[in-house]
Amino acid sequence: EGTIRRGFCKKAKNKLKDIPGLKVVGITGSYGKTSTKYIVNTILSQKYNTLMTPESYNTTMGVVRTINEKLTSMHQLFVCEMGAKYVGDIKEITDIVNPTYTAIGPQHLDTFKNLDNVRKTKLELVDSLPDDEGIAFLNWEDENIRNSRITKKSVKFGLTPEADYYAENI
């Protein structure tokens with residue numbers, strides 16, 4: 001089974017490489033991933049030919065299946081939901097899809113054991129971004145994000161002027 005799984009992952013990785021200019025938007029968080037994915041895809045599909053992982057396909061094999069079965073050379077953006085129950089789950093997906101942009105939104109303490117492990121795992125997505133064109137979109141209202149050392153280019157959003165983009169008079 002492991003050999004078959006690795007074969008599917010390799011096929012997906014190669015398929016992504018074979019589509020010039022394809023950008024990957026990685027979305028993770030403890031809650032709201034699927035809704036965020038649908039919103040982001042709806043907005044981006046107004047200008048770009050997009051593919052998103054369907055429903056709650058957010059595991060490595062769900063992402064790989066979407067790529068292998070649905071991704072075509074016509075797609076410009078792949079909106080990819082990435083779920084995690086254990087440290088390393090997101091890194092496994094990012095090693096395949098190599099996201100260009102990401103949005104990160106504490107949960108799963110039953111498997112992560114502590115908040116630091118949750119933060120570390122969610123930040124695997126930010127760490128995977130390319131240095132030259134990668135951008136992380138960060139919820140600046142989340143103190144776990146605010147208190148993390150982020151070295152990649154980022155755009156902060158929230159409810160206070162400390163964020164790059166913020167809402168007021170709500």
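The table below gives the values:
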| item | result |
| --- | --- |
| Strands (runs of 3 or more DSSP E) contained in the stretch 1-100 and holding at least 3 residues over 22 Å from Asp127 (Cβ atoms) | 50-52 |
| Contacts under 6 angstrom Cβ, first residue in the stretch 34-54 being modelled with pLDDT under 95, partner loosely packed, with under 13 Cβ neighbours inside 10 Å and not in a helix (DSSP H, G or I), 6 or more apart | Thr34/Ser56 |
| Filtered residues of the stretch 8-31 (kept if more than 15 Å from Asp95 (Cβ to Cβ), open to solvent by less than 40 Å² (accessible area, probe 1.4 Å) and either touching a helix residue (DSSP H, G or I) at 6+ places or on another chain (Cβ under 6 Å) or not polar (S, T, N, Q) (or both)) | Ile19, Leu22, Val25, Ile27, Gly29 |
| Which listed residue is touching a Ser or Thr at 6+ places or on another chain (Cβ under 6 Å) and among the polar types (S, T, N, Q), from Asn41, Asn58, Asn68, Asn49 | Asn41 |
| Which listed residue, of Glu124, Glu141, Glu133, is among the charged types (D, E, K, R), modelled with pLDDT of 80 or more and buried (at least 21 other Cβ atoms within 10 Å of the Cβ) | Glu124 |
| Those residues of the stretch 95-120 which are open to solvent by less than 30 Å² (accessible area, probe 1.4 Å) and either in contact with a strand residue (DSSP E or B) (Cβ under 7 Å, 6 or more places away or on another chain) or modelled with pLDDT of 75 or more (or both), in sequence order | Ile96, Val97, Pro99, Thr100, Thr102, Ala103, Ile104 |
| Whichever residue in the stretch 144-170 is in a loop (DSSP other than H, G, I, E, B) and either among the charged types (D, E, K, R) or closer than 18 Å to Ile27 by Cβ (or both) and, among such residues, is most open to solvent (accessible area, probe 1.4 Å) | Arg149 |
| Considering residues of the stretch 39-94 that are of a type in the set (Phe, Trp, Tyr) and surrounded by fewer than 21 Cβ atoms within 10 Å (Cβ to Cβ) only, the residue nearest to Leu22 (Cα to Cα) | Tyr48 |
| The stretch 128-148 residues that are within 20 Å of Lys37 (Cα to Cα) and among the hydroxyl-bearing types (Ser, Thr, Tyr), paired with ones that are in a loop (DSSP other than H, G, I, E, B) and open to solvent by less than 40 Å² (accessible area, probe 1.4 Å) (beta carbon under 9 Å, 6 or more apart) | Ser128/Pro99; Ser128/Gly134 |
| Given (1) modelled with pLDDT of 90 or more; (2) over 21 Å from Leu22 (Cα atoms); (3) among the polar types (S, T, N, Q), number of the condition Ser148 does not satisfy | (1) |
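The values are calculated or read from the model by the stated rules, or taken from the named source; none is laboratory data. Nothing here was measured: the structure is a model prediction, and the numbers come from that model. Note: ideal-geometry Cβ built from the backbone for every residue, glycine included; neighbour counts use all protein chains shown. The area values use the complete protein model at the heavy-atom level, side chains included, leaving out ligands, DNA and RNA. Shrake-Rupley method; radii C 1.70, N 1.55, O 1.52, S 1.80 Å.
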